[in-house]
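The values are calculated or read from the model by the stated rules, or taken from the named source; none is laboratory data. Please read these numbers as outputs of a predicted model, since none were measured by experiment. Here the Cβ positions follow ideal geometry from the backbone for every residue, glycine too, while neighbour counts run over all protein chains shown. Surface areas here come from the heavy atoms of the whole protein model, side chains and all, with no ligands, DNA or RNA. Shrake-Rupley method; radii C 1.70, N 1.55, O 1.52, S 1.80 Å.
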Amino acid sequence: MPLPYDMPLFRPPSEGDNLIIQATLGCSFNQCSFCAMYRSKHYVERPLADVCADIRTAAADWPDAQRVFLADGDALALPTEHLFAILRELAATFPRLTRVSCYATPGNLQRKSTEELTLLHEHKLSLLYFGIESGSDLILKKITKGATQWRMAEVLHKAHASGMKVSATVILGLGGTTHSEEHIDGTIALLNSAPVSYLSTLQLYPDESIAEEFRRKYGEPFEMPNDLAILKEQERLVSGLNPPQPVIFRSNHASNALALAGNLPRDKEKLLQQLREAMEGQRPLRPYYMRGL
């Protein structure tokens, strides 16, 4: 029997083949001006009995599940004991379980101690999806992210110290045509100072439902960069990255004009060459009708 998901349901692209269990509904912050994902939902911590019932229902159809993603946007906001109970139920129900993952916000990570995160990791919550979006304090304020570069670096170090892997995302185009360099340079500074295991770029496409709010909160006229400007941002980002540990890099999300894949710093020159070829028209871009969030 399929699970009775509370829609809409979102998950990272890499979790598409894995079991999804809704531990919370919506997002407790839900103020980022560029994000329309949970605007139709109120944040709710689902009762533990309901979550455990979903786990048992899922096991009837998929007893050999090895990876589980805890939705919606805010599972890490749950009290630690509540999360432990969910993780214990997952481990008891799925004997082949190897990994549990969820989204994480800067506030979620700030409120959990390193000791709590370490214990969660020991219970197989080992991968966090973390939206950096930008490392520029100016841009972070304009998009109402609720965090600074310094705060994000602090919580990323905390996650790393607990043994957690972090899959981070950056949104190209958030600086518009006016603050592009500041957006990318701040992002480089953050990523060169804080460890992440995976890094992905997305390309900005303001949802029509929040486009007016995005521009109002931005506080100044916002002009969307064209594909060439986005590729230049990507080139500037890749060129400046010297991360404190090797990073698996991807820009294969459907929003991107150009799909890239490699490891940094090992594949930096290969990635830069592909970007230059695209900017010179020697490498095709993804057609607009095939792009989307």
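Hey, can you tell me all the residues within the stretch 260-293 that are of a type in the set (D, E, K, R), part of a helix (DSSP H, G or I) and under 24 Å from the mean Cα position of the chain (by Cα)? Correct list: LYS268 only. Of all the criteria given as (1) without any contact (Cβ under 8 Å) to a residue 24 or more places away in the chain; (2) out of contact with any strand residue (DSSP E or B) (no Cβ under 9 Å at 6 or more places or on another chain), the one not satisfied by HIS42 is (2). For ARG151, the conditions (1) open to solvent by less than 20 Å² (accessible area, probe 1.4 Å); (2) of a type in the set (D, E, K, R); (3) touching a helix residue (DSSP H, G or I) at 6+ places or on another chain (Cβ under 6 Å) are fulfilled apart from (1). Answer with yes or no whether ALA194 is of a type outside the set (Phe, Trp, Tyr), farther than 28 Å from ARG286 by Cβ and not in a loop (DSSP other than H, G, I, E, B). The answer is no for ALA194. Note on the stretch 53-83: residues that are assigned to a helix (DSSP H, G or I), more than 26 Å from THR114 (Cα to Cα) and not β-branched (Val, Ile, Thr) total 7.
Taking (1) surrounded by fewer than 16 Cβ atoms within 10 Å (Cβ to Cβ); (2) within 19 Å of LEU138 (Cα to Cα) in turn, LEU228 satisfies each apart from (2). Checked across the stretch 167-188, the condition of being touching a strand residue (DSSP E or B) at 6+ places or on another chain (Cβ under 6 Å), open to solvent by less than 20 Å² (accessible area, probe 1.4 Å) and part of a helix (DSSP H, G or I) holds for at least one residue. Residues in the stretch 10-52 that are in a loop (DSSP other than H, G, I, E, B), more than 24 Å from SER251 (Cβ to Cβ) and open to solvent by 30 Å² or more (accessible area, probe 1.4 Å): SER28, PHE29, ASN30, GLN31, ARG39, SER40, HIS42, TYR43, ARG46, PRO47.
When the stretch 235-293 is limited to residues that are farther than 18 Å from GLY173 by Cβ and of a type in the set (Val, Ile, Thr), the one that is surrounded by the fewest Cβ atoms within 10 Å (Cβ to Cβ) turns out to be ILE248. Within the stretch 202-215, residues that are open to solvent by less than 20 Å² (accessible area, probe 1.4 Å) sit with their Cβ atoms under 9 Å from residues that are among the β-branched types (Val, Ile, Thr), at 6+ positions apart or across chains, in these pairs: GLN203/ILE171; GLN203/ILE230; LEU204/ILE171; LEU204/ILE230; PHE214/ILE143.
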